[in-house]
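What follows is a single structure, written as C-alpha cells, with notes after it.
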Amino acid sequence: MDSESRWLITGSDGILGQEMQFLLERKEVQYLAANKKILDVTNLNAIEEIFSRFNPTHVVNCAALTDVDGCEVSTNEAREINYMGVVNLIKFCKVEKARFFQVSTNFVFGGNENCIYSISDIADPVNVYGSTKFEAENYCLSDKELDITIVRTASTYSGYGNNFVLRLLSNLLNNKPTKIIQDIYVQPTWAFNVAELIYDLSNYSNHISILHAVSAGKTTWWEFAEYLCELAELDSNLLIRIDLNELNLRAKRPRHAILSNDSFDNALKLHDWKSMLQTSLPSLLRSGAILKC
C-alpha cells in the first residue's frame, strides 16, 4: 500500500479514467476520481478548490473533448478543454509540485504517409481535435519547472464505457450486422495496460517527456474485428466491409497514424495487439457495459 501518494484523475468517467481507478484500488493508493461535475478543468476556481482540499502528488489528465467530429463544430469548447484545461491544471500542479501526466493521442499526426511515428517526429494534425491536443503537448514541453510526461495512446478500448470494441461485441452477441472500416490502420490498445504504464512511470527514476502507450504492431479495424470473432467464437459473417469515405464524417481522419512503441526500457513497452486482445477478452465479455452499448 502506498500511503504517501494521492492521485487526482480528471475526466474520470472516460475509459482510461475508469481503468486508472480500478488499478489504483488494486494498488491501495489514495485517489480522487473527478469527472466534469466534480472538476471542470476550464474553471480555475474549481481546480483551486480540489487542489487545496486534496493536495495531489500525481495528476492524470484524462479530461478531453474526444468527439472528433464534434470538435469541428465546437472549436472554442474543444480548445478550452483540450488546451486551456491543461494550462490550468499545470498552474496548480506547480504549486503542489505534483507529477503531471497528460494523456494525448496519435491524432497529433496526419497519418498520410506509410510511416511509423517516433516521439521525435514533428506533429501535423489534420483536424481540430488533433490540433488542440498538439497545442497542449507544446505547452507541456515548454514547461521546464514541472515533472510532466505526455502519454500518447491510440484506439483505446475497455470493459468500461462506450467504445468501439464493446459496441462490436454487443452487436455480435445480438446477431446484429455491423459495418467495419477496412482502410484505416490502427493500434487497438487495452486501456488497462495504459493505466498500468502510467502507474509504472510514476516510479520510474528517469524523466520521460513523451511516451507512446500503444500496442505493438498495426492492423485495420476489419482485421481486428475478424480476429475478435475468432477468439470469441462469434459469427464473422455479421461483419460488413466499408471504406472510410462511405461514412461522410465531418472531420478528416488520419489513415496511418501509427506510433512507434519502441522504448529504451522494455518494461515500458506494451504487447502486440493480438496478445492484448487475448488477455482482455474475458473481462470484456463479463462487462455489464456491453448491455448499454
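Rule-based calculations on the coordinates, nothing more; no lab input. Bear in mind the structure is a predicted one, so any value in this text is a computation, not a measurement. Every residue, glycine as well, gets a Cβ built from its backbone with ideal geometry; the counts of neighbours run over all protein chains shown.
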Listed residues Val108, Val126, Val73, most fluctuating in the chain (Gaussian network, C-alpha, under 10 Å):
Val73
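Could you give the Stokes-Einstein D for region 210-273 in µm² per second, using the C-alpha Kirkwood radius, 4 °C, 1.567 mPa s?
90
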Of the candidates Gly159, Gly217, Gly11, which one comes out as most mobile in a Gaussian network treatment of the chain with C-alpha springs shorter than 10 Å?
Gly217
What percent of all Cα-Cα pairs in region 94-227 falls into each 10 Å bin, going from 0 up to the bin containing the maximum distance?
11, 36, 34, 15, 4, 0
With a bin width of 5 angstrom, please list the P(r) values of the chain as percents of all Cα-Cα pairs, from the 0 bin to the one holding the largest distance.
1, 5, 12, 16, 19, 18, 14, 9, 4, 2, 0, 0
Net charge contributed by nearby residues that have their C-beta within less than 10 Å of Gly161 (K/R +1, D/E -1):
-1
Taking the Cα centre of each part, how many Å lie between region 154-215 and region 98-128?
16
In nm, to one decimal, how far is the modelled label at Ser275 from the one at Ser209, with both set 7 Å along Cα→Cβ?
3.0
Considering the options Ala195, Phe134, Ser118, tell which one lies farthest towards the positive end of the dipole of region 65-222, charges being +1 on Lys and Arg and -1 on Asp and Glu at the Cβ, about the Cα centre.
Ala195
Roughly what percent of Cα-Cα pairs across region 109-169 reach past 15 Å?
64
Toy charge model, Lys and Arg Cβ at +1, Asp and Glu Cβ at -1: region 153-227 dipole around Cα centroid in debye, rounded to 20, equals 260
In the calculated pair distance distribution of region 1-50, what percentage of Cα-Cα distances lie above 18 Å?
32
Charge sum, other residues only, whose C-beta stays under 14 Å from Lys36's C-beta, Lys/Arg counted +1 and Asp/Glu -1:
-4
After finding the eigenvalues of the alpha carbon gyration tensor for region 91-133, what semi-axes result from the square roots of 5 times each, listed largest first in whole Å?
28, 12, 7
Amide H to amide H, which residues 5 or more places from Ile150 or on other chains are under 5 Å from it, using H placed in the peptide plane?
Gln102, Ile210, Leu211
Rounded to the nearest 5, what % of DSSP beta bridges with both residues in the chain are antiparallel?
5
Under a point-charge model restricted to the Cβ atoms of Lys and Arg (+1) and Asp and Glu (-1), what is the dipole moment magnitude of region 1-137 relative to its Cα centre, in debye to the nearest 20?
540
For region 217-269 and region 52-67, compute the distance between their C-alpha centroids and round to whole Å.
29
Set Lys133/Lys218; Lys37/Lys91; Lys37/Lys252 screened for pairs whose C-alpha atoms are more than 26 Å apart
Lys37/Lys252
Just to confirm a number: summing +1 for Lys and Arg and -1 for Asp and Glu over residues other than Leu244 whose beta-carbon lies under 10 angstrom from that of Leu244, what do you get?
0
In a Gaussian network model of the chain with springs linking alpha carbons closer than 10 Å, the residue among Arg255, Arg152, Arg241 that fluctuates most is Arg241
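Rule-of-thumb check for region 165-293: C-alpha Rg over 2.2 N^0.38 Å?
1.17
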The percentage of Cα-Cα pairs in region 1-102 separated by more than 23 Å is 23
Where q = 0.19 Å⁻¹, what log10 of I(q)/I(0) comes from the Debye formula for region 42-146, counting one point per Cα?
-0.95
